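Heads up, the thing below is written out as structure tokens.
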Amino acid sequence: MAEILEDKPAKGLSIKVPSELDNDDFSRYMIDRMNQLEERNHLLREQNHKIEAEKRYAESQKLKFERELRQLRSELERLKTAPLIVGTIMDVLENGKLIVRSSTGPQFVVGLSKFIKESELEAGIQVAMNQQTLAVIGVLPTSISHLIRGVEVIESPDVDYSQIGGLDEQIRELREAVELPLTKPEAFTKIGIDPPNGVLLYGPPGTGKTMLAKAVAQQTSAKFLRVVGSELVQKYIGEGSRMVRELFKLAKDKTPSIIFIDELDSIAAKRYDGATAGDREVQRTLMQLLAEMDGFNPRGDVRLLAATNRLDILDAAMLRPGRFDRFIEVPLPNGDARKSILRIHTRNMTLSEDIDFDKLSKITEGSNGSELKAIATEAGMFAIRNDKDRIENEDLQSAVAKVLMHKSQPSNVSESMFV
Ligand SMILES: Nc1ncnc2c1ncn2[C@@H]1O[C@H](COP(=O)(O)OP(=O)(O)OP(=O)(O)O)[C@@H](O)[C@H]1O
Ligand SMILES: [Mg+2]
């Protein structure tokens, strides 16, 4: 705050002229006095400026605080409003009424807010409803990625063919079935055949199925939608099949795209009678998947790829031609394949020159790709532990012994425990 000058009584206004002054003195006195007053006037003006500036500042502060107050009030209002219920429109009736299903299950006939356009309403979309009256208050945006939470949209996965060992034949087949229809659709039109509808990769765990799918996606510029089968199994009835529907819709919106369903067996297991409610829901999801697979145009820009390690338990409907009609087996690696997988995983390691890959491939008989990867990493750990600056044959051999040890030991947990 500026210090306010003490306002002395304005002496200058009633001039008391000392009687002993003559004319000259008087005029000098007057000039002097005027100067004094000028000075004082100047001072007061300056003070005025200062105070005015302060006033302006205070006013702007006031505005700022008022704005803040308004914001806080509206935030408070927002926090105090009751939550809305999420529901799904089941049917649009004629007299401005809707049949909705709330997220808890039951269905209701409800009214709707005047601000919602009729054109926005259609069966299947999600709406927000008032808690008490259940009147539809707003239409929720169909943010597809929110509906299918489990789906990873990978723009460009970081795996390429050069990182996959011993699966050259599988890579060729996969490229023909998935890549070619996306990059050269005219080749298929010319010959007059439809490209394979869906491609199923099957084989034991850890043999590179997921890797293969990612590498395909990396090679094409297609969007890669990866969903794990179990993500499609949902708590509420109808959710799973909606997710499948949304997944295919998302794929169609983002063409060219590849849908990759990993661990397909979790939803596509054989259907059987006498299933529990939960099983029936999984079956409904499967049926939706079958319907979607029938419904999409194989020449379109959407390719379907799936992987499983339990081909034997898949439902027959899934396996008939027209659904998945290209099966690619991804077997356990043979001797040569094991050698090339080991070479791939030791590519960036400092190795001694005399590493005997032939011998390593022999002693790793029966192991899969992920075990071979673990062996390479473990060998590195042995070398570090022994303070070496390169990995030697013995490190790799100890790593083989360590990684494969648990395989030869019979498991002491009975498998039937989990059945
Ligand atoms: N052929 C291979 N070449 C190089 N690395 C491999 C190969 N197969 C497996 N691997 C290694 O094993 C890891 C697991 O492979 P991946 O996830 O593809 O197995 P999967 O076949 O999908 O297994 P699951 O059936 O259990 O899902 C990969 O990250 C990779 O490091
Ligand atoms: Mg996998």
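Values computed for the structure shown
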| item | result |
| --- | --- |
| Exposure proxy order (Cβ contacts within 10 Å, fewest to most) of Thr350, Thr285 | Thr350, Thr285 |
| Region 335-408: relative contact order as a whole-number percent, Cα under 8 Å and 6+ apart | 36 percent |
| Contact order relative to length of region 85-141, as percent, for alpha carbon pairs under 8 angstrom and 6 or more apart | 35 percent |
| Inter-centroid distance (Cα atoms) of region 18-76 relative to region 82-97, Å | 66 Å |
| Partners for Lys50 among lysines (Cα-Cα distance below 27 Å; same-chain residues under 8 apart left out) | Lys8, Lys11, Lys62, Lys64 |
| Packing-based ranking, highest mean first, of 251-263, 41-53, 170-182, 351-363 given that Cβ atoms within 10 Å are counted | 251-263, 170-182, 351-363, 41-53 |
| Normalised contact order of region 152-329, rounded percent, pairs of Cα under 8 Å and 6 or more residues apart | 34 percent |
| Residues of type lysines that Lys254 reaches as a straight line, Cα spacing below 29 Å, ignoring anything fewer than 8 places off in the same chain | Lys117, Lys184, Lys190, Lys209, Lys214, Lys223, Lys235 |
| Rounded to the nearest 20 debye, dipole of region 25-79 from Cβ charges on Lys, Arg, Asp, Glu | 280 debye |
| Ile328 long-range amide H proximity, modeled H, under 5 Å | Leu200, Leu201, Tyr202 |
| Amide H within-cut-off set for Leu112, under 5 Å, with H built and near neighbours excluded | Val136 |
| Extension gain, Lys50 back to Thr183 (0.36 nm per residue minus Cα-Cα distance, nm) | 40.4 nm |
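Values quoted throughout were computed directly from the atomic coordinates according to the rules given, and no laboratory measurement underlies them. Since this is a predicted model, take the numbers as computed values, not measurements. Every residue, glycine as well, gets a Cβ built from its backbone with ideal geometry; the counts of neighbours run over all protein chains shown.
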